[in-house]
Amino acid sequence: MAEAEQQLRFDTKLIHGGTVPGPSGATKPPIVQASAFAYQTAEELEDIFKGRAVGQVYTRIGNPTLEGLEKRLAVIENGIAAVITSSGMSAITTAVMAVVRCDDEILSSASLFGGTYSLFHDTLANYGIKTRFFDPTDLGALEAGISERTRLIFVETIGNPKMDVPDIEAFSAIAKKSGIPLMVDATVSTPYLARMRDLGADIIIHSTSKYINGTANSIGGAIIDAGSFDWGSDRFPHFEPFRRKYRNFAFTARVRKLIHKDFGACAAPLNAFLSGEGLDTLALRMERHCSNALELAHFLQSHPKVAWVNYPGLPDSPFHEVAGRQFNGRFGGLLTFGLADKPAAFRLVNALRLAKNLANIGDTKTLVIHPASTICADYTPEVKRLMGVSEELVRVSVGIEDPADIVEDFSAALERV
Amino acid sequence: MNLTVNGKPATIGEETAVSITHLLEALQVEQREYVTVELNGDIMDRGDFEKATVKDGDSVEFLYFMGGGR
């Protein structure tokens, strides 16, 4: 990254960092909707395949539009490189598979997005990769869970939907002491709340489909390499060829030249363009998501039909202090709250007029869902308990509408519960 | 000074030894922030680009992790 770009303040980096002028002075990157790239000579293409020269070959491997967003994300997250993928789940899968091999173990927070839990608990287990789950609020459990086979520590920066906030700096200290990389899914906190590299994360994941895209028009994921982890230990002999050749780019090189290339979960150029458009306004939107969520949280907390509200921005949240410290006094756009029981939760969802009932977060629109009957329906009561999902719980992804309209929508719906 | 760059003969105007950083600029190497440099068979640490010197007759290879092959 150019030093001048490093010096830019965050909101400016979102707009200018890592950008290059488009053709004919265009202020937008071109959408290169092409599968493959032609060269005049066999020698040129040979050089590119050998890695001796820069060039595009095939969009599964690389594409100028994808590369444009990758450079921006790397700059914004203070990382050294980024790879974008077809979805947030493919970003997690690709990044994890680059680190672990058969018989290795992942040590993961139990407070996870349902899709990630399924990947770790079911899918990867079928390929001989075991995941040990621990309570992310218990640092002792993290330390106790590390074994000879541990290759990765994984945590969400704000647990979805549990809304717990792990102390990333404390996690990083334990990970570094143990020689294990710390991978964080920062989808809910976004780069706006904190740059996870600065808190000690080694690999940062985003579902760009959410707040980064911002308007829910395309699915995508991102893997950002902080360049901070030393892969030269006995735990990672499979990194040696990449470390020898590419030094601190070893992780990104292994992702690009092996896992991402072979699994093929590449982003679509149009989706990358649209997500890049979202990045420009991330700071403004997140500011409003955060302030609207806090306002709705206060309203819900004061309502007699609401049993409890879980939002780290509320002073009585057990995560208020750590979230306030690591997110600079901002707490994100996601909250959960409880009604009397499941029928009451359903009545509320059905009575809302503005808020949409759907399985997503991070849109400009306010969204609600009853997780126990939808995104977490497949899990046992014990797993649901670990994820913080109960029958009376409603999750809200607070949008950027006028906060008075959001509060009025919930107020009117609560009257009908 | 005469060099071998990516297996082919190359010439730069400088007569005396130059740093790798200088060489990258002189040869207008693309995406310098990502390039790996191999000097006479040794992969160079990025932190050494300023102080490592390239002299007449040296062989230099540039490597990128973005391309198609392994």
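Between A:ASP135 and A:ALA173, 0.36 nm times their residue separation minus their Cα-Cα distance comes to what?
Value of the extension gain: 12.0 nm.
By counting other Cβ atoms within 10 Å of each Cβ, how are A:ARG101, A:ARG256 ranked from fewest to most?
Going from least to most buried by this count: A:ARG101, A:ARG256.
Please compute the Cα-Cα pair-distance distribution of region A:148-303 with 10 Å bins starting at 0, giving whole percents from short to long.
10, 32, 34, 18, 5, 1, 0
When the dipole is taken about the Cα centre of the protein assembly as shown, and only Lys, Arg (+1) and Asp, Glu (-1) are charged at their Cβ, what size is it in debye, to the nearest 20?
820
Excluding residues fewer than 8 places away in the same chain, name every one of the lysines whose C-alpha is closer than 27 Å to that of A:LYS177.
A:LYS130, A:LYS245
Compute the separation of the alpha-carbon centres of region A:159-222 and region A:244-277 and state it in Å as a whole number.
When both Cα centres are located, 18 Å separates them.
What is the calculated FRET efficiency for A:ASP402 to A:ASN126, with r their C-beta to C-beta distance and R₀ = 56 Å, to the nearest 0.05?
On the way: r = 48 Å, r/R0 = 0.86.
After rounding, the FRET efficiency stands at 0.70.
Provide Rg over Rh for region B:2-63; use the alpha carbon set for both Rg and the Kirkwood Rh (inverse mean inverse pair distance).
That ratio is 0.90, to two decimals.
Would you compute the Debye intensity of chain A from its alpha-carbon atoms alone, equal scatterers and no solvent, and pass along log10 I(q)/I(0) at q = 0.08, 0.09, 0.10 Å⁻¹ to two decimals?
-0.43, -0.55, -0.67
If I build a Gaussian network model for chain A, linking alpha-carbon pairs within less than 10 angstrom, which residue out of A:TYR39, A:TYR379, A:TYR246 has the largest mean-square fluctuation?
Its mean-square fluctuation being the largest, the pick is A:TYR39.
What ranking of A:HIS16, A:HIS238 emerges when the number of other C-beta atoms within 10 Å of each C-beta is taken as an exposure proxy, fewest first?
A:HIS16, A:HIS238
Before anything else, pin down the relative contact order of region A:283-415: Cα pairs under 8 Å, at least 6 apart, normalised by residue count, whole percent.
Relative CO of region A:283-415 lands at 29 percent.
What value, in deg cm²/dmol to 500, does the helix sum -39500 (n - 2.57) over DSSP H runs of n ≥ 4 give at 222 nm once divided by the residues of chain A?
-10500 deg cm²/dmol
Note the full-extension length gain between A:LEU8 and A:THR380 as 0.36 nm times their separation in residues minus their Cα-Cα distance, in nm to one decimal.
129.2 nm
At a temperature of 25 °C and a viscosity of 0.890 mPa s, determine how fast region A:25-135 diffuses translationally according to Stokes-Einstein, using the Kirkwood radius over alpha-carbon pairs as Rh; express D in µm²/s, rounded to the nearest whole number.
145
Say a paramagnetic label sat at a point 7 Å from the Cα of B:ALA26, along Cα to Cβ; which residues of region B:54-68 have their backbone N under 17 Å from it?
Within reach of a label on B:ALA26: B:54-62.
Taking the Cα centre of region A:46-205 as origin and charging only Cβ (+1 Lys, Arg; -1 Asp, Glu), how large is the dipole, in debye to the nearest 20? Don't skip to the end; give the middle numbers.
Numbers: 15 positive and 20 negative charges, 82 e Å.
Rounded to the nearest 20 debye, it is 400 debye.
Within region A:60-89, name every residue whose backbone N is under 18 Å away from a label modeled 7 Å from Cα of A:ALA34 along the Cβ vector.
Under cut-off, by backbone N: A:60-69.
What distance in nm lies between label points placed 7 Å from Cα along the C-beta direction at B:ASP45 and B:ASN6?
2.8
Cut-off 10 angstrom, C-alpha nodes, Gaussian network model of chain A. Which of A:PRO318, A:PRO23, A:PRO161 fluctuates the most?
A:PRO23
Starting at the first residue of region A:386-401, write each ³J(HN,Hα) from the Karplus equation 6.51 cos²θ - 1.76 cosθ + 1.60 with θ = phi - 60°, in whole Hz, x for Gly and Pro.
4, 7, x, 9, 10, 5, 8, 7, 10, 9, 10, 9, 6, x, 10, 5
Against the globular-protein guess of 2.2 N^0.38 Å, express the Cα radius of gyration of region A:315-396 as a ratio, rounded to two decimals.
In units of the 2.2 N^0.38 Å rule of thumb, it is 1.19.
No value in this document is a laboratory result; all are computed from the given coordinates. Values in this document were obtained by computation on a predicted structure and should not be read as measured data. With ideal geometry, Cβ positions are generated from the backbone for all residues, glycine too; neighbour counts draw on all protein chains shown.
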